[in-house]
Amino acid sequence: MFGLQKFNMDKIVTPRLDLPLLQFPRSRKPILIPSPSLNRYVLCKKRSCSSRLWFETEICTDTESHGVKMNNTVGRKLLGLAAAAVVAVSSSICCDSPALAESVTIAFPVSRAREVTEVQRTLVEAWGLIRETFVDPTFNDQDWDSKLQQTMVEMFPLRSADAAYGKIKAMLSTLGDPFTRIISPKEYQSFRIGSDGNLQGVGLFINSEPRTGHLVVMSCIEGSPADRAGIHEGEELVEINGQKLDGIDSESAAQKLRGRVGTFVTVKLKSVNGSETDSHIREVKLPRDYIKLSPISSTIIPHTTPDGRLAKTGYVKLTAFSQNAASDMEHAVHEMENQNVQSYILDLRNNPGGLVKAGLDVAQLWLDGDETLVYTIDREGVTSPINMIDGHAVTHDPLVVLVNEGSASASEILAGALHDNGRAVLVGRRTYGKGKIQSVTELDDGSALFVTVAKYLSPSLHEIDQVGITPDVQCTTDKIDSLTGEILMKMNSSVPLLEADSCVMVAEHELETRRSNGTAS
């Protein structure tokens, strides 16, 4: 028999919304939607043991104006589960109004496996966040309280954390929303690095070579410690701080390279020249530093107009919406403005999205005034606009935005905002069609829960989810064939390969057409 156990989890955890939403209740001034506060969960010892799993829900509603308090208690029992210890979980649901309070009390048996017990806590955290914030208040037409009960029952006999996490994932899958999911602490750390745009390390991109499993340097970030040390693409990473890397995956190796700024890491690298016999190993001591990961790359495409003038088109590629996306783009556009660029191509192809706020911030670099950027629809079905406030565009030069089936989420928000406000022409192929916004919450064990908290529509109130955005000009074979002569002329010249990109060529054609017609984008 197990003795009674007491678990203290009575701390308040405030989730961090990596994808903050904005709303404009009865005004144009943007405010952050309050982060959904994780309920106060208290795991406490029951007075007596039970051989049955039971589930009790208590809902208390206080109405200040009438002083009425209603209580409803529902008890449910499941037979056949032997347990020597029972844990009660109490949660207080926080609402916008102090007049409304709701509490839930759940009792369930403590697993005999300590690692499964920890996952039980994570399950309750995830369940509570879904209960409070998930965009569909019917939870895909199911009783969400019963779903917790069922998952606890399925989790109880398990002996490994991995198997227990599988039950959480299975519970989330019943919501019918593939974007609401849980990821491991390791996966979350990688996500944070990508969204924050900064890390502390040496600036190496490494990957596992599929055939041999060896860790190979893919590239170095310009100006990073690895770059300054002369580390090159193709070198094999064989040791980190004296530890051989046989059998270690690229993520684990990357973790070893990261660390506090000012500390050092020693690596051994093998350079192969033609054959394994012609190789040598060198040791390099690298200082760790702040590494900035920019999602922006840009260049200027020079071309000659039909009337013989030399024109310049600024090309900006945005690969993800990280926290520094808007500031990096503003810097890139300012630099090109100083070089007398007359038009722009913003390439969002294969950009899967990222931080919603970053997408809105980028949109404001191209728009003036108090334009509506997007509409959100919350779990109550209320549609609210997100508007700019006295915006001032960095440039008013003509703009084409490139999109394709890999452009999703924040990419679609940005493309829709620029298109529906008459600022840009869209060129390419129909976008992915992800019209949902997720909050991201770090849970107590370091894992993270992604929850779909809202849907969005374009400024023209066009549905995006599972529909996508159709561009003004398709990058089709017929369209490209009509420009074949111009494309071949460019390909046979000394201009960069980018100019031979068929969709870039179509974009340039659209910009030139609008310039010739005197039409602003």
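Scan segment 331-354 for residues that are farther than 19 Å from VAL427 by Cα and open to solvent by 70 Å² or more (accessible area, probe 1.4 Å) and jot them down. Walk me through how you get there before you give the answer.
Kept after step one, since they are farther than 19 Å from VAL427 by Cα, are these residues of segment 331-354: 331-341, 354.
Within segment 331-354, HIS331, HIS334, GLU335, ASN338, GLN339, ASN340 meet the criteria.
Look through GLY406, GLY422 and report the one residue that is closer than 20 Å to VAL506 by Cα, at pLDDT below 95 and of a type outside the set (A, V, I, L, M, F, W, C). I'd like the intermediate steps shown before the answer.
Numbers: GLY422 fails: at pLDDT below 95.
Being closer than 20 Å to VAL506 by Cα, at pLDDT below 95 and of a type outside the set (A, V, I, L, M, F, W, C) holds for just one of GLY406, GLY422, which is GLY406.
Being under 30 Å from ALA363 (Cβ atoms) and either in contact with a His (Cβ under 8 Å, 6 or more places away or on another chain) or among the basic types (Lys, Arg) (or both) narrows it down to one of ALA320, ALA311, ALA325, ALA332, so name that one.
When all the criteria are applied, what remains is ALA311.
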GLY359, sole failed condition from (1) assigned to a loop (DSSP other than H, G, I, E, B); (2) out of contact with any Pro (no Cβ under 7 Å at 6 or more places or on another chain); (3) not hydrophobic (A, V, I, L, M, F, W, C): (1)
Flag for ILE248 being over 26 Å from the mean Cα position of the chain (by Cα), surrounded by 13 or more Cβ atoms within 10 Å (Cβ to Cβ), assigned to a loop (DSSP other than H, G, I, E, B) and in contact (Cβ under 8 Å) with a residue 12 or more places away in the chain: yes
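For the condition open to solvent by less than 50 Å² (accessible area, probe 1.4 Å), under 30 Å from ALA113 (Cα atoms) and out of contact with any Gly (no Cβ under 7 Å at 6 or more places or on another chain), what is the one hit in ALA229, ALA161? Explain how you work it out, then say what you get.
On the way: ALA229 fails: under 30 Å from ALA113 (Cα atoms).
Of ALA229, ALA161, the one residue that is open to solvent by less than 50 Å² (accessible area, probe 1.4 Å), under 30 Å from ALA113 (Cα atoms) and out of contact with any Gly (no Cβ under 7 Å at 6 or more places or on another chain) is ALA161.
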First in segment 375-404 and farther than 19 Å from VAL451 by Cβ and open to solvent by less than 20 Å² (accessible area, probe 1.4 Å), second anywhere and of a type in the set (Val, Ile, Thr) and not in a strand (DSSP E or B), Cβ under 9 Å, 6 or more apart: THR395/VAL333; THR395/VAL341; VAL400/VAL506; LEU402/VAL504; LEU402/VAL506; VAL403/THR431; VAL403/ILE469; ASN404/THR431
Some residue of segment 257-266 being outside any strand (DSSP E or B), in contact with a helix residue (DSSP H, G or I) (Cβ under 6 Å, 6 or more places away or on another chain) and open to solvent by less than 40 Å² (accessible area, probe 1.4 Å): no
Of the criteria (1) charged (D, E, K, R); (2) within 27 Å of ARG430 (Cα to Cα); (3) at pLDDT below 90, which one LYS292 fails: (2)
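If you go through segment 162-171 one residue at a time, do you hit one that is of a type in the set (Phe, Trp, Tyr) and at positive phi?
Let us first name the residues in segment 162-171 that are of a type in the set (Phe, Trp, Tyr), namely 165.
So of that shortlist, the ones also at positive phi come out as none.
Among the residues of segment 162-171, not one is of a type in the set (Phe, Trp, Tyr) and at positive phi, which makes the answer no.
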Leading residue by the ranking (surrounded by the most Cβ atoms within 10 Å (Cβ to Cβ)) among those in segment 283-326 that are assigned to a strand (DSSP E or B), basic (Lys, Arg) and more than 31 Å from the chain's Cα centre (by Cα): LYS312
Odd one out for LYS167, checked against (1) of a type outside the set (S, T, N, Q); (2) in a helix (DSSP H, G or I); (3) within 15 Å of VAL267 (Cα to Cα): (3)
Filtered residue count, segment 166-180, keeping only those that are open to solvent by 30 Å² or more (accessible area, probe 1.4 Å) and touching a Lys or Arg at 6+ places or on another chain (Cβ under 9 Å): 4
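The values are calculated or read from the model by the stated rules, or taken from the named source; none is laboratory data. Predicted model only: the values in this text are computed from it and were never measured. Here Cβ is always computed from backbone atoms with ideal geometry, including for glycine, and neighbour counts include all displayed protein chains. What goes into the accessible areas is simple: the full protein's heavy atoms, side chains included, and nothing from ligands, DNA or RNA. Shrake-Rupley method; radii C 1.70, N 1.55, O 1.52, S 1.80 Å.
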